[in-house]
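Okay, structure first, notes after.
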């Protein structure tokens, strides 16, 4: 039985949430959607709102997972974040979480703060 790409993405997001909670982050929302786009995870740490893009891959053979968060994707995430924040003056940043798996089991998580 093969794992679908949607199941792999869900696995990565769940692993990222568990990792972030273990690091003291409070998870505000998962899969925030609006007309501007989607943000995988929104969390807070020390008064800073953090918008996380989670990329799940088997390996880095074709590049690190974070490399797949290209300029267009970054722009869409930023626009979506502004919609989420509205007129809030909160401190915020954009992070990428790389999740590497083998046959549906998480092997490694890499957290890149201030990724863009």
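The values are calculated or read from the model by the stated rules, or taken from the named source; none is laboratory data. The shown structure was predicted, so the numbers you read here are calculated from the model rather than taken from an experiment. We place every Cβ from the backbone using ideal geometry, glycine too, and count neighbours over all the protein chains shown.
Assorted remarks:
- Of all the residues in segment 81-99, those that are more than 13 Å from the chain's Cα centre (by Cα) and on the phi < 0 side of the Ramachandran plot number 10.
- Given (1) part of a helix (DSSP H, G or I); (2) under 20 Å from residue 6 (Cα atoms); (3) at pLDDT 95 or above, index of the condition residue 78 fails: (2)
- Every test in (1) touching a residue at least 40 places away in the same chain (Cβ under 8 Å); (2) more than 19 Å from residue 69 (Cβ to Cβ) is passed by residue 19 save one, and that test is (2).
- If only residues of segment 4-58 that are part of a loop (DSSP other than H, G, I, E, B) and touching a helix residue (DSSP H, G or I) at 6+ places or on another chain (Cβ under 8 Å) are counted, the one that is surrounded by the fewest Cβ atoms within 10 Å (Cβ to Cβ) is 35.
- In segment 59-102, the residues that are under 19 Å from residue 18 (Cα atoms) and exposed (fewer than 13 other Cβ atoms within 10 Å of the Cβ): 102
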